[in-house]
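The values are calculated or read from the model by the stated rules, or taken from the named source; none is laboratory data. Because the structure is a prediction, the values reported are computed rather than measured. In this analysis, Cβ positions are derived from the backbone assuming ideal geometry, glycine residues included, and neighbour counts consider all displayed protein chains.
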Amino acid sequence: MPHFVRKPVPASAKGAGPAKPRAAASDALLPLALDIGATHTRGVGMVRSGEVRFVRIATPPPQQAGTTLRAVVERICGDAAPVGVGLARAAGLDADGRIDGWPSRPDWIGLGLSALVRQATGGATLFDLDDGMAAAVWEFHAGGFGGADTVAVLSLGTGLGVGLVRGGALVATGDGAATLGHLPLGDPDRICRCGRRGCLQATLADPALPDAAFARWLARAKDGLADRFGVSRLVVTGGAARFRADACRSVAGVHVSHEPDAAAALGAAQFARAGGKLGAVALDAATLAAIRTALAPSLTDR
């Protein structure tokens, strides 16, 4: 399943610990969102006053996951209860919300991630999806598609998430090591963390790859996605996108996100806000402006 809606249920989880009691959502937080990546964990939330709160910290060892998630939630929400939680994650989850695959962080395999998030948020309903799909949700709402019908969004970081939207609908593209980031569109001589050769992730997520080579492989990826899925526009986002902005822009049909570092978290928030349905709730111009002002984006290519 590409994404899940997980209702609050009693659960125990490795590394969890007691949840802090939370007050009613008097501050009326819009959905809190967490983006758990191999290197960084991000959190974002917005209150009715228009204040946007964004947190980025190092992703800890699994033994410290519960404590870290609670700290992120408290820094964003204070004592208010979130009205829903969006979770973007690079890890693959089973039907019970346990991590069953994560090539970039195998130490997290077996962790009850969904239960940890519920405990950290006081039992809020959880909407979770792959980080590439979450980034695609954000770009869909934030104007990154430029009128194109079929768009692929590449979330570039320690790994590579890929989200696909066709005709206004999210396309199921797998989970964990079965996502489009592991399509054989990369250098066939490279061995990916998943154990296979030629995965797109193994090539594009290598920070040592020269920009010229990155641009060539990105162009090949764009053509491959066009052939397989009819993709006519590619948007690159993720924490590493800012370091590849010029290389991305050198490839025709490739664009760079306004909010590369926060796109997956913002997409997860919007996904939760819409009850897990793409496009069910529009992102109004005032909210988008407040988010962009707060995050002070440095990349403005569309």
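Evaluating ALA262 against the criteria (1) farther than 20 Å from ALA148 by Cα; (2) crowded, with 23+ Cβ neighbours inside 10 Å; (3) touching a Gly at 6+ places or on another chain (Cβ under 7 Å) leaves one unmet condition, (3). The helices (runs of 4 or more DSSP H) found wholly in the stretch 171-290 and carrying at least 1 residues that are under 21 Å from LEU129 (Cα atoms) occupy 200-204, 211-229, 263-273.
Scanning the stretch 68-79 for any residue that is of a type in the set (Asp, Glu) and surrounded by 19 or more Cβ atoms within 10 Å (Cβ to Cβ) turns up nothing.
Between LEU200, LEU225, the distinction of being modelled with pLDDT under 95, more than 30 Å from ARG98 (Cβ to Cβ) and outside the structural domain of LEU93 (by TED's automatic domain parsing) belongs to LEU225 only.
On the basis of being surrounded by 24 or more Cβ atoms within 10 Å (Cβ to Cβ), under 25 Å from ILE76 (Cα atoms), touching a residue at least 24 places away in the same chain (Cβ under 8 Å) and touching a helix residue (DSSP H, G or I) at 6+ places or on another chain (Cβ under 6 Å), does ALA272 make the cut? Judged against the criteria, ALA272 is not a match.
The single condition among (1) touching a strand residue (DSSP E or B) at 6+ places or on another chain (Cβ under 8 Å); (2) buried (at least 16 other Cβ atoms within 10 Å of the Cβ); (3) modelled with pLDDT under 95; (4) not aromatic (Phe, Trp, Tyr) that LEU218 does not satisfy is (3).
Select from the stretch 244-282 the residues that are of a type in the set (Lys, Arg) and at pLDDT below 90 and list them in ascending order. Answer for the stretch 244-282, where residues must be of a type in the set (Lys, Arg) and at pLDDT below 90: ARG273, LYS277. Checking the stretch 129-143 against the condition returns a match, with at least one residue being surrounded by 24 or more Cβ atoms within 10 Å (Cβ to Cβ), over 21 Å from PRO62 (Cα atoms), at pLDDT 90 or above and among the β-branched types (Val, Ile, Thr). Could you list, in sequence order, all residues of the stretch 52-67 that are among the β-branched types (Val, Ile, Thr), surrounded by fewer than 19 Cβ atoms within 10 Å (Cβ to Cβ) and in contact with a strand residue (DSSP E or B) (Cβ under 8 Å, 6 or more places away or on another chain)? Selection gives VAL55, ILE57.
Criterion applied to PHE243, PHE214 was being more than 21 Å from THR59 (Cα to Cα) and of a type in the set (Phe, Trp, Tyr), and the one residue passing it is PHE214.
Among helices (runs of 4 or more DSSP H) entirely within the stretch 47-160, having at least 1 residues that are aliphatic (A, V, I, L, M) and assigned by TED's automatic domain parsing to the domain that holds ARG242 singles out 131-142.
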